[in-house]
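The values are calculated or read from the model by the stated rules, or taken from the named source; none is laboratory data. Please read all numbers here as calculations on a predicted model, not as lab measurements. Neighbour counts run over all protein chains shown; Cβ positions are idealised from the backbone, glycine included.
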Amino acid sequence: MKTVYKLVAMVTVVLSLTGCYETVPPGNVGKVKGAAGFQPEVYPPSRIWLDNVLTMVPEELFLVETTTKKYAQPVTVLLQDKLTLSADVVFRGRITGSDKVLNGIFNDIKMDDNIVTVDEVYEIYGKMLVMNTAREIISKYNVDEVNKNYARITVELYNAIKPKLEGLPIEISDITLGNIQYPDIVTKAIEQAKEKQMAIEKTEAEVQIRLAEAKGREQVAEADYRIKMLEAKRVRDYNKMTAEGITDALLELRKLELKQIELEKWNGTLPSTLMGGNVPIIMNTTK
């Protein structure tokens with residue numbers, strides 16, 4: 001009996017030394033390959049026992065990456081008006097599908113290492129499909145229609161690509177267009193139109209400035225005119241009031257005042273000049 005126990009213990013030790021656990025990390029699923037090829041099971045993230053004793057070919061663990069990646073697939077499209085446009089088809093991609101679909105990956109992809117990446121699956125299953133579908137959709141538009149129908153083109157791309165991926169081990173979502181590069185002739189035309197628009201806006205701005213300056217000068221001239229007219233009115237009113245105040249009585253009084261001044265300044269000498277019948281006239285009033 002003791003011999004049996006020893007034999008079992010020895011077998012257990014041998015098995016433990018010739019087998020091992022491997023880990024399927026998060027973001028991956030696992031496949032085990034043995035002497036008969038890949039086993040049908042697809043393992044989620046976990047620890048898997050690999051048998052290296054009961055088979056002549058050691059078992060190996062292979063991984064399939066299931067994380068989501070962002071792609072920007074460049075495409076060049078000949079538009080309906082025979083102009084060429086370049087753009088990026090931007091989307092999110094991930095490996096997905098049933099166990100049967102995932103098992104098919106290992107028959108299509110050459111296993112250079114122990115992991116099948118999203119990039120490898122997209123390169124084989126998705127790249128040509130995305131590029132050809134994008135050309136098919138965008139080529140229906142003229143160059144001036146692309147920007148106007150941006151949202152519509154995005155929807156058309158999604159609706160056209162999605163059914164083509166059914167049954168394939170890759171899934172694409174959030175499709176949009178990015179980095180649109182218009183033909184040089186269109187870009188130059190847009191730049192020239194923009195330059196003309198800016199020149200027109202500059203001229204209009206200068207006209208507005210000159211009009212504003214002229215308006216300012218006009219307002220200043222009107223203000224000066226009003227000031228001068230007010231001054232002229234003041235002088236006119238003053239002269240008018242002065243003239244209205246000069247009466248015959250005032251003139252007579254003024255004559256008498258002047259006569260008085262002449263008499264006060266007479267030196268008592270009769271003038272040497274006579275007029276008429278020897279009437280003396282005072283010619284010099286200085287003392």
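Give the residues of segment 136-177 that are closer than 30 Å to ASP99 by Cβ and either hydroxyl-bearing (Ser, Thr, Tyr) or outside the structural domain of PRO74 (by TED's automatic domain parsing) (or both), sorted by residue number.
TYR158, SER173
Restricting to segment 118-152, name every residue that is outside any helix (DSSP H, G or I) and either surrounded by fewer than 17 Cβ atoms within 10 Å (Cβ to Cβ) or modelled with pLDDT of 95 or more (or both).
Result: SER139, LYS140, ASN142, ASN147, LYS148, ASN149.
Tally up the residues in segment 101-114 that are surrounded by fewer than 11 Cβ atoms within 10 Å (Cβ to Cβ) and within 20 Å of GLU166 (Cβ to Cβ), please.
Summing the residues that are surrounded by fewer than 11 Cβ atoms within 10 Å (Cβ to Cβ) and within 20 Å of GLU166 (Cβ to Cβ) in segment 101-114 gives 1.
Which pairs have Cβ atoms under 8 Å, sit 6 or more apart or on different chains, and link a residue in segment 17-41 that is at pLDDT below 80 to one that is assigned to a strand (DSSP E or B)?
If the second residue must be assigned to a strand (DSSP E or B), the pairs left are GLY19/TRP49; GLY19/LEU50.
Residues in segment 172-185: is at least one part of a helix (DSSP H, G or I) and either at pLDDT below 85 or within 59 Å of the chain's Cα centre (by Cα) (or both)?
Checked segment 172-185: at least one residue is part of a helix (DSSP H, G or I) and either at pLDDT below 85 or within 59 Å of the chain's Cα centre (by Cα) (or both).
Given the criterion among the β-branched types (Val, Ile, Thr), touching a residue at least 12 places away in the same chain (Cβ under 8 Å) and within 21 Å of PRO183 (Cβ to Cβ), identify the matching residue among VAL118, VAL143.
None of the others qualify; the one that does is VAL143.
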